[in-house]
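Encoded as structure tokens, the structure appears first; notes follow it.
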């Protein structure tokens, strides 16, 4: 096939039109692609926000084996960092809690400030007595239902701290009164949070 000047000019014109057409279509085609990309980034960002992390951390801590009524695992979220606090009887629970939180998507750093309570036969005796004093009461027994009781009894050196949640101010006060009635207890700190109406 022989190419003459007219054929080359026509070919050049067709290529130029095709390029111009593609350039005109780019914003139209790029629109849905760009919005899909932005939506994916927004979704990824949502998975890393504080609310998402708080929910996931809470869930993971509730699932830690051997987490009992005599332990309290608390946390706060700062950006992608999680700070663990609280007190546990069993040292492995501290390690298990940290490991559970480390594997949550979006968590970059875990600062483990959970205290391991010192072994004490006297404290063990107080724990059992406090449990009976609080959970044997008709008004408070419902907080003992389920796999994880909502009133946690922390004992250290004869000092008792109540942690967790209750439905009413009356239940909070009742738990404090029953806890104070246990012999050999030096002090009771009532940190129960009333959740009704919140």
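The values are calculated or read from the model by the stated rules, or taken from the named source; none is laboratory data. Here the structure is a predicted model, which means the values were calculated and not measured. Neighbour counts run over all protein chains shown; Cβ positions are idealised from the backbone, glycine included.
Only one of the listed residues (181, 158) is on the phi > 0 side of the Ramachandran plot and not assigned by TED's automatic domain parsing to the domain that holds residue 89. That residue is 158. Condition (residue is modelled with pLDDT under 95 and in contact with a helix residue (DSSP H, G or I) (Cβ under 7 Å, 6 or more places away or on another chain)) applied to region 76-83: is it met by at least one residue? Within region 76-83, one or more residues are modelled with pLDDT under 95 and in contact with a helix residue (DSSP H, G or I) (Cβ under 7 Å, 6 or more places away or on another chain).
Listed conditions (1) touching a helix residue (DSSP H, G or I) at 6+ places or on another chain (Cβ under 9 Å); (2) farther than 24 Å from residue 65 by Cα; (3) touching a residue at least 60 places away in the same chain (Cβ under 8 Å) are all met by residue 140, apart from (3). Contact annotation: residue pairs with Cβ atoms under 6 Å, 6 or more positions apart or on different chains, pairing a residue in region 51-69 that is exposed (fewer than 14 other Cβ atoms within 10 Å of the Cβ) with a partner that is modelled with pLDDT of 90 or more and not in a helix (DSSP H, G or I), are 66/90. Among the candidates 85, 92, the residue that is outside the structural domain of residue 150 (by TED's automatic domain parsing), outside any loop (DSSP other than H, G, I, E, B), loosely packed, with under 14 Cβ neighbours inside 10 Å and in contact (Cβ under 8 Å) with a residue 24 or more places away in the chain is uniquely 92.
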